[in-house]
């Protein structure tokens, strides 16, 4: 039963991720919900190479020089994520918190990160990171579904 319950929550988190990705895909490039007034650190001038490797994926220091194994672009918390359970809306400064959904008495949170993609100093697009997280009811461990959507500049 525990597996089934944990699996249902994971599936709901995945569904929320897909819904957010689909919503971002259809938004106009200049829509205010994907146009932050500033970018965190070097994410205002990120680049991607021909293999698809992007510089916004490199950083893992939680803003303090110490990494936790989760790329900051997909990390909603500045510190050990399992300790984050007591206050899951106290997100890191690089995250834009979107809100939460309650599914079977478990809160599932959603947030975004943003990177401005440039080539030769000219903006070519944006990367919108999607972070959906929850704490597994049976163990209390941090779990997440993450990814990003690239919006090309028209």
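The values are calculated or read from the model by the stated rules, or taken from the named source; none is laboratory data. From a predicted model like this one, the values you see are computed outputs, not experimental measurements. Positions of Cβ are backbone-derived with ideal geometry, glycine not excepted, and every protein chain shown enters the neighbour counts.
Listing for the model above:
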{"item": "Residue match in segment 51-58 (condition: assigned to a loop (DSSP other than H, G, I, E, B), more than 27 Å from residue 152 (Cβ to Cβ) and at pLDDT below 85)", "result": "no"}
{"item": "Meets criteria (touching a residue at least 60 places away in the same chain (Cβ under 8 Å) and either over 11 Å from the mean Cα position of the chain (by Cα) or part of a strand (DSSP E or B) (or both)) for residue 145", "result": "yes"}
{"item": "Hits in segment 73-84 (condition: assigned to a helix (DSSP H, G or I) and surrounded by 15 or more Cβ atoms within 10 Å (Cβ to Cβ))", "result": "73, 74, 81, 84"}
{"item": "Residue 30 touching a strand residue (DSSP E or B) at 6+ places or on another chain (Cβ under 8 Å), assigned to a loop (DSSP other than H, G, I, E, B) and without any contact (Cβ under 8 Å) to a residue 24 or more places away in the chain", "result": "no"}
{"item": "Every residue from segment 95-140 that is touching a strand residue (DSSP E or B) at 6+ places or on another chain (Cβ under 6 Å) and not in a strand (DSSP E or B)", "result": "95, 136, 137"}
{"item": "Checking residue 36 against (1) in a loop (DSSP other than H, G, I, E, B); (2) in contact with a strand residue (DSSP E or B) (Cβ under 7 Å, 6 or more places away or on another chain); (3) over 23 Å from residue 127 (Cβ atoms), the condition it does not meet", "result": "(3)"}
